Structure formats: structure tokens, C-alpha cells
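One structure is given here, and the rest of the page talks about it.
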Amino acid sequence: MPQAADSARILCAYCFRHGFRNLKVREVAGWLQRDPTALNRQLRTARLRNAKHIIDYARSLHAAYHLDTVRGGPAAAARLLDYPSASAFAIDVRRWTGHSPSGLQQRGAIETVVRVITSEIQRPAE
């Protein structure tokens, strides 16, 4: 089980270092020197869903960090994260967290995203 948690931690670190929007499970699994199916099975065994979810968790944390630290609101965060528009950013943030970017800012983005991720991890995998 610790090996799966280590994989999830490494997966998040990779997501932060090597891009934000265009990461693919196959690319990340290759970087971890694992087969994507084996990686997903290992993560599910540790009740961490799958690699796609972990990538989305890292993306939502990255977005939350920018929402909490960047002046200029969601539009400035979207520009920093290379989104073509604030609305494209808002669509992704809502998909990952269930909240709008401005709603996250008002509640404290990082704390809210951590709560969302924690509740998802604690739910049984599909």
C-alpha cells in the first residue's frame, strides 16, 4: 500500500513540473516506468481511484494555488495557466471541484480543493 501512495505523490509532483493541461495517463505512467493499467490497478488498491483522477487533483490544486495567490482574479489565474480564456478555465475548475473559480476564491481555494479531494478519496472507487 505505501508504494501506491508514493506513486500518487510522485504523480502529483510530475503534474506540477511538466505541464498543466495536456498530461496524459500514458505519458505519466511511462515516466513512472509503469504500464498504465498496472498503475491504475495499484492506485485503486490503495483506494486512490485512478491516475486520471490523480492528475485532475494535481491540476485543481495548482489552479487553487493561483486563485489564492495571484492578483487579478480568475482571469489572471487562467492566463498564468495558459488557458485560452477565463471561461475555459472556469469550466475545468467547476469540473474538478464543483465550484466556480470566484466561489473558490471567496471560500479559500486551497482549503476548499483539499476538502473536495479528501471527500473524493474517502468515497469508494467506482
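The values are calculated or read from the model by the stated rules, or taken from the named source; none is laboratory data. Small disclaimer: the values here were computed from a predicted structure and weren't measured. Cβ atoms come from the backbone with ideal geometry, glycine included; neighbour counts cover every protein chain shown.
Given the criteria in a helix (DSSP H, G or I) and out of contact with any Pro (no Cβ under 8 Å at 6 or more places or on another chain), does residue 95 qualify? Let's see the steps before the verdict.
On the way: in a helix (DSSP H, G or I): yes; out of contact with any Pro (no Cβ under 8 Å at 6 or more places or on another chain): yes.
For residue 95, the condition - in a helix (DSSP H, G or I) and out of contact with any Pro (no Cβ under 8 Å at 6 or more places or on another chain) - is met.
Of the residues 66, 62, 53, which single one is modelled with pLDDT under 90, more than 21 Å from residue 121 (Cβ to Cβ) and part of a helix (DSSP H, G or I)? Spell out the reasoning first.
Details: 62 fails: more than 21 Å from residue 121 (Cβ to Cβ); 53 fails: more than 21 Å from residue 121 (Cβ to Cβ).
Result of the check over 66, 62, 53: 66.
Restricting attention to segment 77-106, which residues are within 13 Å of the chain's Cα centre (by Cα) and among the polar types (S, T, N, Q)?
Passing the criteria: only 97.
Say we look at segment 46-76 and pick out the residues that are surrounded by fewer than 21 Cβ atoms within 10 Å (Cβ to Cβ) and polar (S, T, N, Q); which of these is farthest from the chain's Cα centre (by Cα)?
69
So which residues in segment 93-111 are within 12 Å of residue 57 (Cα to Cα) and touching a residue at least 40 places away in the same chain (Cβ under 8 Å)?
Result: 96, 110.
Given (1) out of contact with any Phe, Trp or Tyr (no Cβ under 6 Å at 6 or more places or on another chain); (2) not in a helix (DSSP H, G or I), where does residue 83 come up short, assuming only one miss?
Evaluating residue 83 over (1) out of contact with any Phe, Trp or Tyr (no Cβ under 6 Å at 6 or more places or on another chain); (2) not in a helix (DSSP H, G or I) leaves (1) as the failure.
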